[in-house]
1. Given N residues in the protein assembly as shown, what is its alpha carbon radius of gyration divided by 2.2 N^0.38 Å?
2. Suppose every K and R has +1 on its Cβ and every D and E has -1 on its Cβ; what is the size of the dipole of the protein assembly as shown about the Cα centre, in Debye to the nearest 20?
3. Got a sec? Charge dipole of chain B, +1 on Cβ for Lys and Arg, -1 for Asp and Glu; which of B:149, B:44, B:33 is way out at the positive end?
4. Residue A:24: net charge of surrounding residues, Cβ under 12 Å, Lys/Arg +1, Asp/Glu -1, itself excluded?
5. Need the C-alpha centroid separation for the range B:144-205 versus the range B:42-119, integer Å.
6. Once the other residues with Cβ under 13 Å from the Cβ of residue B:195 are scored (Lys, Arg +1; Asp, Glu -1), what is the net sum?
7. Quick one: what are the phi-derived ³J(HN,Hα) couplings along the range B:69-78, Karplus 6.51/-1.76/1.60 with θ = phi - 60°, whole Hz, x for glycine and proline?
8. Enter the mean number of other protein chain beta carbons within 10 Å of the beta carbon of each residue in B:61-70, as an integer.
Amino acid sequence: MDQTPSATDKTKKQFLYRRGLIVLIALIVLEIFDYFMAQWSNGSITILAVLALINAVLIIQYYMHVATLFSLEGDH
Amino acid sequence: MSVTAHAQEMHHVEEISPARRLYMNRLGLWLFIISESFLFGGILVARFYLWGTTRPHLDQALGMSVTILLLASSFFANRAEIAIKHDDRKTFLQSILITITLGLLFLVGVVGMEWRTAPVTPMMDGEFNVYGAVLFFMTGMHAFHVLTGVILLAIVARLGAKGHYGPTNFWGVEGAVVYWHFVDVVWVFFYPALYLMGTAVGPVH
């Protein structure tokens, strides 16, 4: 499909905004799940630590763009 | 260092490409973040050593609310970063101001409300109260970093309003935003450690 540079840029921007929103929803759902898992497992440290780790990985990967550390590209 | 050597070094510095400079900035920030992780990791170890498999009765609704506020602030910080990289200054400014507001609301929730209502006192039964010590140290150290992030974001917002940043000059925004996300990552571990892990003991909230 033939697209102008500005149209491509806009599409990319929309994609990144949408991805950010999906990550936010996933994080909130995981936090609520955390709460109910804590009630169910009587505060199991192992289960809650694993869930916290999943949350952290989502933020580090999609919000902190850790992958940019391994490339010389200017953008993410 | 001789004048010639100094001149050669300066010449070398000028040869660094913008992409390479950005990479070095990112590497420096991540090294800082790793060093900060050791600090917060040590605090978490202290929590498990002193509290073990117990925790005080904290306000669960408040804990969940401030967590969601901080997660939402990370979303808007990410949005601000994307916006400035795509030259969308209006969205950038809106998003960065929302991030600051959510960060301040988080501080009000933790320092203004949780500290005031937490069922812990400096002394409990005549003994040093480990519940109060750990709670105030964990939340206090984290709140101090949130406050630092708010100040950084306010500086970025002010510079951004003056047109300082753009698609080719975004490191200031990216640096402040990545720091903000790190503060969020720390809370993702602190929230369950304070509010959810172990059995609630002591006075009820």
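1. Details: Rg = 21.4 Å, N = 281, 2.2 N^0.38 = 18.7 Å.
After normalising by residue count via 2.2 N^0.38 Å, the value is 1.14.
2. Working: 17 positive and 19 negative charges, 104 e Å.
For the protein assembly as shown, the charge dipole is close to 500 debye.
3. Result: B:149.
4. Values: positive: A:18, A:19, B:79; negative: A:31, B:184.
Spelling it out: positives minus negatives among the neighbours equals +1.
5. Cα centroid to Cα centroid, the span is 7 Å.
6. Values: positive: B:47, B:55; negative: A:31, A:34, B:59, B:114.
Local charge sum for residue B:195: -2.
7. 4, 5, 5, 5, 5, 5, 4, 5, 5, 4
8. Working: counts 0, 0, 2, 5, 0, 0, 7, 5, 0, 2.
Rounded to a whole number, the mean comes out at 2.
Every number in this text was worked out from the coordinates using simple rules, so none of it is lab data. These figures come from a predicted structure and were not determined experimentally. Cβ coordinates were reconstructed from backbone atoms using ideal geometry, including for glycine residues, and neighbour counts include every protein chain displayed.
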